[in-house]
1. Between beta-carbons, use under 10 Å as the cut-off and find the net charge around Ile17, counting Lys and Arg +1, Asp and Glu -1.
2. Quick one: net charge of Ser6's neighbours, Cβ under 11 Å, K/R +1, D/E -1?
3. Once you have all Cα-Cα distances for segment 55-129, histogram them in 5 Å bins from zero and send the whole-percent values.
4. For the pair Glu54 and Ala119, what calculated FRET efficiency results from E = 1/(1 + (r/R0)^6), where r is the Cβ-Cβ distance and R0 = 22 Å, to the nearest 0.05?
5. Take Tyr49, Tyr129 and sort them by solvent-accessible surface of the protein heavy atoms, 1.4 Å probe, largest at the top.
6. For Lys82 and Asp97 in the same chain, what is the full-extension length gain: residue separation times 0.36 nm, less their Cα-Cα distance, in nm?
7. Hey, quick one: spin label on Tyr129, modelled 7 Å out along Cα-Cβ, who in segment 62-78 has an amide N within reach, i.e. under 19 Å?
8. In the Gaussian network model of the chain, springs joining C-alpha atoms below 10 Å, which of Ser39, Ser60, Ser108 carries the largest mean-square fluctuation?
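The values are calculated or read from the model by the stated rules, or taken from the named source; none is laboratory data. Computed from a predicted structure; not experimentally measured. Heads up, the Cβs are rebuilt from the backbone with ideal geometry, glycines too, and the neighbour counts pull from every protein chain shown. What goes into the accessible areas is simple: the full protein's heavy atoms, side chains included, and nothing from ligands, DNA or RNA. Shrake-Rupley method; radii C 1.70, N 1.55, O 1.52, S 1.80 Å.
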Amino acid sequence: MEKTLSIVKPDGVKKNIIGEVVARFEKAGLKVIGIKMISLTRAGAEGFYAVHRERPFFASLTEFMSSGPVVVMALKGNGAIKKVRDIMGATDPKKADAGTIRKDFADSIEANIVHGSDAPETAAVEISYFFNALETF
Ligand code: CMP
């Protein structure tokens, strides 16, 4: 059983598709093991995306991620990391496959509706960024 962290970003919350995103994960057999809505401060978004600190899009990305509430969720299942990434589609919605969340709903490479961890080590760090030991199981 693998765990991963996903975020419905501010654009996904504004578009009223929190349930749609969760439903796609659940239909793929993933179990939601922790979920909550939070508003990220700028510093909170900068901390989460610290690995991207040197990228040209860092300021814009962290401004966007702190522009409205997000829904963070921890998911569990066989091959959870790849499953979530397959369901999300490519980072750039123009390159995303048909039937993926980003192809269906995303407006741009930045406002791309949803985040998913890219590896087990990242997933562990990202889950513990948002959930304490009492909140996941
Ligand atoms: P995410 O999967 O959350 O991981 C990093 C995020 O940075 C990514 O989704 C996009 O929202 C954003 N991102 C990645 N590449 C670019 C880019 N070239 N321009 C703007 N935003 C980007």
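1. Numbers: positive: Lys14, Lys15, Arg24; negative: Asp11, Glu20, Asp104.
My count for the surroundings of Ile17 gives 0.
2. Numbers: positive: Lys3, Lys9, Arg24, Lys83, Arg85; negative: Glu126.
Overall, the nearby charge balance is +4.
3. 3, 15, 22, 24, 24, 11, 2
4. On the way: r = 19 Å, r/R0 = 0.89.
So, using R0 = 22 Å, E works out to roughly 0.70.
5. Numbers: Tyr49 15, Tyr129 95 Å².
From most accessible down to least: Tyr129, Tyr49.
6. Working: separation 15, 0.36 × 15 = 5.40 nm, distance 1.46 nm.
So the extension gain works out to 3.9 nm.
7. 62-76
8. Checking each option, the largest mean-square fluctuation is seen for Ser60.
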